[in-house]
Amino acid sequence: MYKDQPVPPSNFLRIIVSFFSISIPFYIPPDMKAIKIVGSRRAKVMARVPMPELAGDCVLIKTMAVALNPTDWKHIDFISTKGATAGCDYSGIIEEIGSDVDPAHGLQVGDRVAGFNHGCNGENLSDGSFAEYIAVKAHINIKLPDWMSFEDGATLAVGITTVAQGMYQQLRLSLPSPTSSITAADDAQPILIYGGSTATGTLAIQFAKLSGFKVITTCSPHNFSLVQERGADHILDHNSPTLAKDIRDLAGNELCIVLDCITTGESIIKCCDALAPSSPSRKLQYCGLFTVGALPRSDVEAGFTMSYTALGESFQKWDNYYPGSCEDARFVGDFMKLTSKLLEERKIQNHPAEVGSGLEGVMKGLDRLRKGDVSGVKLVYSL
């Protein structure tokens, strides 16, 4: 959205909500609708699900919109914890604040926020965002500016968390500030963002530019205009047979940093081939969306992101145990505050949203993701 666009209708709701949050308490129903895993590779919309319990460090949110990520259908199909609630990305209105929430988070009843929840969490079956009400960690919320709709806001948090962990915790780029501006790319250090037209990729491009980098990115040709609009300096077809050489040429054979927003065997090889030659004066870094084991090049330092660690609670995925990380929770919490300020200044744009409605619509959207029938947009559903 841009400055000359009208204020979205959702903001009139915000005004009403803010008034009544002072006058009378919200009505919170005894149960709700949610998407639950009901068996192996099966999830369905359940009509009478108990309301989530509000822990002291959480906020209760009336969900206004949810967005879909590949992890949603993969958890349903490959982990299938019966009774777990699906979904990660959400936007909504805060209706209650836990007794232990730090006032430094700056959250109030009636605030319009976006964030992510641990969908399909086998450790806590009420976690997950595909529900009419959700209880989520307070620190993981982004305050939405007045100009942004709930539907656009729902696209943000999983991608923002991945950018925070990947680019700034793992790759240790310098953080932007609310006063950062885009500078010329001529003499800037290059970074490769592989998969720039993904929901994470378009955000990563913008943050990398605000951090002062020259951005080289890859995607399908039909998404070239999208990544160009988000600020990419050089755009290449990810299927080009000369991709690695073309990247090396654009970077002057000085590429040392890669964020891989696809993270397949093929993308890992291409990313490593594009990196500069080994040298004692260089530190070569690759970061993917999950742990990848040994890289094709032993001189490249491997990193990965795991968004769920930002929630600060321990969990298990398959045979891997992840302890709760206070450091990750603090870092991403601070990054969410930074993102709120950058959004307020209109220095970050959301990924394009394709909007549907209802939890029943979510079920159809999950099938589209399974079939690979989505490119250059994020599926969002108003509730």
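Where a number appears in this text, it was derived from the coordinates with a stated rule and is not lab data. These numbers come from a predicted model, not from an experiment. All Cβ positions, glycine included, derive from the backbone under ideal geometry; neighbour counts span all protein chains shown.
Compute the acute angle (0 to 90°) between the alpha-carbon long axis of helix 10-23 and the principal axis of greatest extent of the alpha-carbon atoms of the chain; round to the nearest 10°. The answer is roughly 50 degrees. If each Cα of segment 140-224 is one equal point scatterer, what is log10 of I(q)/I(0) from the Debye formula at q = 0.16, 0.17, 0.18 Å⁻¹? The Cα Debye sum returns log10 ratios of -0.69, -0.77, -0.86. The string of couplings for segment 225-239 from the Karplus curve (6.51, -1.76, 1.60, θ = phi - 60°) is 5, 4, 6, 5, 4, 7, x, 4, 7, 9, 10, 10, 5, 5, 9 Hz, one whole number per residue in order, with x for Gly and Pro. Remark: segment 297-313, residue by residue, has Karplus-estimated 3J(HN,Hα) of 10, 6, 8, 10, 7, 9, x, 8, 10, 8, 3, 4, 5, 5, 7, x, 10 Hz, where x stands for each Gly or Pro and the curve is 6.51 cos²θ - 1.76 cosθ + 1.60 at θ = phi - 60°. Sorting Val113, Val163 by the number of Cβ atoms found within 10 Å of their own Cβ, with the fewest placed first, yields Val113, Val163.
Couplings 3J(HN,Hα) of segment 375-382, computed from phi: 8, x, 9, 10, 6, 10, 10, 6 Hz, in residue order, whole Hz [Karplus 6.51 cos²θ - 1.76 cosθ + 1.60, θ = phi - 60°; x for Gly and Pro]. Counting only trypsin sites (Lys or Arg not before Pro) that DSSP places in a loop and that have at most 13 other Cβ atoms within 10 Å, the longest clean stretch of the chain runs over 173-282. With everything on Cα atoms, drop me the angle between helix 358-370 and the longest principal axis of the chain, reported from 0 to 90° to the nearest 10. Orientation of helix 358-370: about 20 degrees from the principal axis.
The ellipsoid that matches the Cα gyration tensor of the chain has semi-axes, each √(5λ) in whole angstrom, of 35, 23, 19, with the longest given first.
What the pair-distance distribution of segment 161-305 shows, using all Cα-Cα distances binned every 10 Å from zero, is 12, 48, 35, 5, 0 percent.
Regarding segment 255-296, what whole-number volume in Å³ per residue does the convex hull of its Cα atoms give? Could the numbers behind the result be given before it?
Numbers: hull volume 2.9 nm³, N = 42.
Value for segment 255-296: 69 Å³ per residue.
Which pairs, out of Lys283/Lys378; Lys44/Lys378; Lys82/Lys371; Lys143/Lys214; Lys62/Lys143; Lys270/Lys364, put more than 25 Å between their alpha-carbon atoms?
On the way: Lys283/Lys378 34 Å; Lys44/Lys378 21 Å; Lys82/Lys371 23 Å; Lys143/Lys214 29 Å; Lys62/Lys143 14 Å; Lys270/Lys364 33 Å.
Distance filter (> 25 Å) returns Lys283/Lys378; Lys143/Lys214; Lys270/Lys364.
The charge dipole of the chain, taken about its Cα centre with unit charges on the Cβ of Lys, Arg, Asp and Glu (plus for the first two, minus for the last two), comes to roughly 480 debye. Residues Trp147, Trp73, arranged from fewest to most other Cβ atoms within 10 angstrom of their Cβ, appear as Trp147, Trp73.
For the chain, modelled as a GNM whose springs connect Cα atoms under 10 angstrom apart, the maximal fluctuation among Leu250, Leu175, Leu236 occurs at Leu250. The fewest-to-most ranking of Tyr168, Tyr308 by surrounding Cβ atoms within 10 Å reads Tyr168, Tyr308. Close amide-amide hydrogen proximity is noted between Tyr133 and Thr63, each under 5 Å apart and 5 or more residues distant or on a separate chain (H modeled in the peptide plane; Pro and chain starts excluded).
Nearest 5 percent is fine: what portion of the DSSP beta bridges confined to the chain is antiparallel? List each step's numbers first, then the result.
Details: 35 of 60 bridges.
Among the beta bridges of the chain, antiparallel pairing accounts for roughly 60 percent.
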